[in-house]
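Let me begin by presenting the structure, written as structure tokens, before commenting on it.
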Amino acid sequence: MKMFRTCFVFFAALLLLIGPGLVEAQAVTSNVATVTLNATVSTTLTVTATPSTVTFSGSGTSTTPVSGSSPISVTTTWNLSTTATLTVYEYFATTTALTNSGPTMPSSAVTASVNGGAATPFTGTCAAVSITGSCGPNVASVAITAANLNSTRTDSVALAINMNGAPAGAYTGTWNVEAIAI
């Protein structure tokens, strides 16, 4: 029994010596450091049109409109931050579509067929968005929602000109396309 008591005292003393070390071996944690992250994504709205030149060849005596050498592919790309209505307008800056050192072809002689739709002359106005000149049919009108704030679309525009009564010569003009999100 004396041996038992000696062993007990020995283990009790050993436990007292080692015990505090076991408690000190617990994990130590630091404070939490934080970093603020900031990102800015720009609002963009772009429109491209290809090809850059469309040619028309015909007679000034024909009453049938002459189609352009190829349709125009209009690609509109946007990254917006809020809902809106995006409209793609096509227009001539004045009521004259083409000139030839004096003789002109009016914008009303030019028609546009958008995505295979009916050919419509450039006789409209775009006053709602402060575009002056003669507007043709809208190339596109898209409701921008949370689901399509960032997207792209491509439309096809086929132009034709009624050259009846136009004197012979080389005519030039500029067709415009513009996207506006309101």
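Quick note: the coordinates plus some simple rules give every number you see, no bench work behind them. Bear in mind the structure is a predicted one, so any value in this text is a computation, not a measurement. Don't worry about glycine lacking a Cβ; one is built from the backbone with ideal geometry, like all the others, and counts go over all protein chains shown.
Structure values in brief
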| item | result |
| --- | --- |
| Inter-label distance, nm, simple model (7 Å from Cα along the C-beta direction), Ala127/Thr50 | 3.8 nm |
| Taking the range 67-137 and dividing mean pair separation by its residue count, relative contact order in percent (alpha carbons under 8 Å, at least six apart) | 27 percent |
| Chain lengthening between Asn79 and Val28 when straightened (0.36 nm per residue, less Cα-Cα) | 13.6 nm |
| Cα pair count fraction exceeding 14 Å, expressed as % - the range 109-149 | 57 percent |
| Kirkwood hydrodynamic radius of the chain, from inverse mean 1/r over distinct Cα pairs, in Å | 21.6 Å |
| Cα-based convex hull, the range 90-163, per residue volume (Å³, whole number) | 112 Å³ |
| Virtual spin-label span in nm between Glu178 and Leu37, 7 Å along Cα→Cβ | 3.9 nm |
